[in-house]
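The values are calculated or read from the model by the stated rules, or taken from the named source; none is laboratory data. Fair warning: this is a prediction, and the values are worked out from it, not measured in the lab. Please note: Cβ atoms are built from the backbone with ideal geometry, for glycine as well, and neighbour counts cover all protein chains shown. The accessibility values were calculated without ligands, DNA or RNA, using every heavy atom of the protein model including side chains. Shrake-Rupley method; radii C 1.70, N 1.55, O 1.52, S 1.80 Å.
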Amino acid sequence: MRPRSPIAAVAAVVASLGLVALARSGPPEGVATTPARAEVRPEVVAAQPDAGPPETAAARALRQGRPMDLNGASAEDLTLLPRIGPALAGRIVAWRDAHGPFESVDALTEVRGIGPRTLERLRPLVRVDPSPGPALGDRALDAPEALRAW
């Protein structure tokens, strides 16, 4: 909608600049904010209230600093990874259902929406166990460090 007068136009510009300044300075003290998906850390998974369903093996693996098994993770588990929303998680699970278990982490590039850059960012957070099962992983990693790279 276009402003009808020069005063309204100036008011719109001033309001826009005020929003930009607020975005740059951050929220006022005491105002809660939600982190962006790239800022979510595995230890946040542990802070979830006990009222929900029990922790999955994939969530536990991330919380403990181990990679999540792609062949044992549900779509909901996959959304715990940075930059993986419900739609992309659904495509990963659909690809696995159609083609069988992932044979390597590199096979993720077969899923629409995962390119080389995303693959490299996910690599320290995921692993492949050829048989579906618990997503506990054997190797340890510094998952918070991997997430900070985002």
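Given the options ALA61, ALA47, name the one that is modelled with pLDDT of 80 or more and of a type outside the set (Asp, Glu). Break it down stepwise before answering.
Details: ALA47 fails: modelled with pLDDT of 80 or more.
One residue alone meets the criteria, ALA61.
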### Message
Looking only at region 54-78, filter to residues that are under 16 Å from SER104 (Cα atoms) and more than 15 Å from the chain's Cα centre (by Cα); which one of those is surrounded by the most Cβ atoms within 10 Å (Cβ to Cβ)?
### Response
ASP69
### Task
Would you check which residues across region 116-130 are open to solvent by less than 60 Å² (accessible area, probe 1.4 Å), out of contact with any Ser or Thr (no Cβ under 6 Å at 6 or more places or on another chain) and either in a loop (DSSP other than H, G, I, E, B) or of a type in the set (Phe, Trp, Tyr) (or both) and list them?
ASP129
### Residues satisfying the stated conditions in region 87-112, i.e. open to solvent by 50 Å² or more (accessible area, probe 1.4 Å) and not in a helix (DSSP H, G or I)
PRO101, GLU103, ARG112
